[in-house]
Amino acid sequence: MHRSFPEGFLWGGAIAANQCEGGWNKGGKGISVSDVARFKDPETMKDLNDVHSFCDITDEEIRQALDCIDDNQYPKRHGIDFYNRYKEDIALLAGMGFKVFRLSIAWSRIYPNGDDAIPNEEGLQFYDAVFDECLKYGIEPLVTMSHYEPPLQFCMKYNGWYDRRSIEFFTRYVNTITKRYAKKVKYWLTFNEIDSILRHPFMTGGLIESRFAPDKFEEVEYQAMHHQFVASALATKICHENIPDSMVGCMLTKRTIYPYSCRPVDILKTQQEMRSIFAFSDTQVRGEYPAYLLSMYKNKGFDLKIEPEDIEVMKMYPVDFVSFSYYSSTCAASDITNLETGLENTARGVLNPHLNRNDWGWAIDPIGLRVSMVDLYDRYCKPLFIVENGLGARDIVEPDGSIHDDYRIDYFKAHFKSMYDAMTEDGVELLGYTSWAPIDLISNSTNQMSKRYGFVYVDLDDKGNGTYKRIRKDSYDWYKEVISTNGASI
Ligand code: BGP
């Protein structure tokens with residue numbers, strides 16, 4: 001490209017506590033949903049309307065999980081042992097010249113049951129040490145307050161985010177962490193992929209579906225979503241009060257959705273599907289429910305408990321910027337008979353015949369990233385932050401220990417070009433980019449280690465065998481050069 005990204009562009013990478021920390025029962029941490037959840041094979045979920053059956057869970061399955069002492073059956077319990085190896089890992093990221101490192105605080109490490117009166121000091125100290133380590137190298141932490149790790153007790157006892165008290169528990173947690181890390185963390189995200197509550201309600205909302213009447217569950221999800229919106233607005237308020245120069249963002253699963261054809265019915269269908277994402281950013285950025293969502297509540301006969309002060313709070317404390325994950329794209333069609341469907345992250349859609357796909361069927365579509373950036377920036381005129389993007393692949397370690405992941409370099413190169421075009425030609429303001437994930441970790445949707453994203457390889461297999469040794473892949477030096485030249489080397 002031979003042209004640099006804007007000065008001060010925040011290059012880095014993103015991880016989440018539940019997929020890398022391990023130490024699931026260490027340091028006073030409570031058990032979280034991720035320590036007991038097991039995604040079913042997403043390929044078994046072929047029906048487009050069956051949005052989340054691949055990751056639901058019953059009370060009985062939770063009991064079985066709690067009885068299970070083989071942590072390899074629940075690999076997020078050991079992750080990549082970041083809990084003990086964070087110094088080595090952050091040093092590796094610093095070696096690439098990271099400007100920013102996105103990571104999440106595990107709520108259950110701070111408030112083990114969610115509703116505790118006093119925070120767990122040992123958990124707070126752990127993140128003090130992690131942030132200090134980042135700052136030592138001049139790396140700015142970007143912290144997700146909740147990334148698929150609501151405390152399990154909060155789900156069992158209160159039905160998670162369905163209960164209005166969730167707002168109080170979460171804001172207590174937010175007040176604690178924003179006060180404690182006020183001098184260390186400036187950039188915050190409230191809920192990771194907030195829209196995912198409609199796809200994996202247990203992981204995101206702590207909702208155990210079998211506890212509710214089947215015809216009421218959708219309403220339950222929207223009620224929980226409402227509580228998250230209010231909690232997110234209050235979290236923004238608290239964060240600004242405790243850290244005056246902080247910036248708080250929403251976080252979306254931003255897939256690009258194309259009409260499968262130019263038939264007007266397909267265009268209409270696409271517009272409707274896009275609303276499953278925009279409903280969240282429209283509310284969090286504009287501070288009020290969009291008309292189409294209110295119509296949907298009315299048409300479905302939902303009787304959501306929305307207090308007048310909720311509406312006020314949502315209006316008063318919108319987010320400062322819009323962040324999102326982007327991996328691939330799908331299509332929408334009004335009639336899907338005879339069309340092939342597949343996955344985009346944990347959502348399902350019609351496959352685009354013009355695109356190649358990774359080993360898990362996710363389409364590779366760099367132009368779709370530019371389309372998504374323009375979609376969001378044209379709509380809100382708020383700064384964007386790409387906080388997840390990357391290629392899951394089965395990497396091979398050569399006999400000499402090297403890992404040649406040129407496919408990953410190609411993926412990033414094409415996506416960085418799209419980002420550059422969106423900034424220079426479409427006028428999009430982009431604060432930064434954090435790849436998912438700079439170091440291999442446990443995949444969210446497959447629960448496997450073999451779906452790898454990192455510039456750094458971790459010697460661990462799907463059965464939990466391995467030395468946990470960290471090895472630099474070819475992409476490590478490549479990304480290092482991208483950062484040191486601020487994108488000009490691409
Ligand atoms: C996003 C999640 C991440 C991460 C990523 C990749 O939805 O926020 O936690 O896992 O997807 O997905 P996977 O791990 O399923 O390949």
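The values are calculated or read from the model by the stated rules, or taken from the named source; none is laboratory data. Only a predicted model underlies this, so the values are computations on that prediction, with no experimental measurement involved. Neighbour counts run over all protein chains shown; Cβ positions are idealised from the backbone, glycine included.
Could you please let me know if Cys155 is closer than 21 Å to Asp245 by Cα, away from the ligand (no atom under 16 Å from the Cβ) and of a type outside the set (Ser, Thr, Tyr)? In short, no.
Restricting Phe412, Phe416 to residues that are within 16 Å of the ligand (Cβ to nearest atom) and touching a helix residue (DSSP H, G or I) at 6+ places or on another chain (Cβ under 8 Å) narrows the list to Phe412. Checked against the criterion of being away from the ligand (no atom under 16 Å from the Cβ), of a type in the set (A, V, I, L, M) and free of Cβ contacts under 8 Å to residues at least 24 places away in the same chain, the candidates Leu376, Leu384, Leu304, Leu351 yield just one match: Leu351.
If you check Phe202, Phe278, Phe229 for being touching a Cys at 6+ places or on another chain (Cβ under 8 Å), among the aromatic types (Phe, Trp, Tyr) and either in a loop (DSSP other than H, G, I, E, B) or surrounded by 20 or more Cβ atoms within 10 Å (Cβ to Cβ) (or both), only one passes: Phe202. In this structure, is Ser475 buried (at least 23 other Cβ atoms within 10 Å of the Cβ), away from the ligand (no atom under 16 Å from the Cβ) and at negative phi? Spelling it out, Ser475 is indeed buried (at least 23 other Cβ atoms within 10 Å of the Cβ), away from the ligand (no atom under 16 Å from the Cβ) and at negative phi. Kindly indicate whether Tyr292 is buried (at least 16 other Cβ atoms within 10 Å of the Cβ) and closer than 30 Å to His226 by Cα. Answer is no for this residue. Counting only helices (runs of 4 or more DSSP H) that sit completely within region 82-182, those holding 1 or more residues that are in contact with a Pro (Cβ under 7 Å, 6 or more places away or on another chain) and not aromatic (Phe, Trp, Tyr) correspond to 82-95, 107-110, 121-136, 165-180.
Is it the case that region 402-415 has a residue that's surrounded by fewer than 23 Cβ atoms within 10 Å (Cβ to Cβ) and under 14 Å from Val371 (Cα atoms)? Yes.
Within region 247-275, the set of residues being assigned to a loop (DSSP other than H, G, I, E, B), touching a residue at least 40 places away in the same chain (Cβ under 8 Å) and surrounded by fewer than 20 Cβ atoms within 10 Å (Cβ to Cβ) comprises Ser261, Arg263. For region 1-33, name all the residues that are assigned to a strand (DSSP E or B) and either at pLDDT below 95 or surrounded by 24 or more Cβ atoms within 10 Å (Cβ to Cβ) (or both). Correct list: Gly12, Gly13, Ala14, Ser32. Of the residues making up region 363-372, none is more than 16 Å from the ligand (Cβ to nearest atom) and assigned to a loop (DSSP other than H, G, I, E, B).
Only residues that are more than 16 Å from the ligand (Cβ to nearest atom), outside any strand (DSSP E or B) and at negative phi were counted in region 421-460, giving 9. Of all residues in region 122-148, those that are under 19 Å from Gly97 (Cβ atoms) and within 16 Å of the ligand (Cβ to nearest atom) have Cβ atoms under 9 Å from Cβ atoms of residues that are basic (Lys, Arg) and modelled with pLDDT of 95 or more, 6 or more apart or on another chain, in Leu142/Arg102; Leu142/Lys186.
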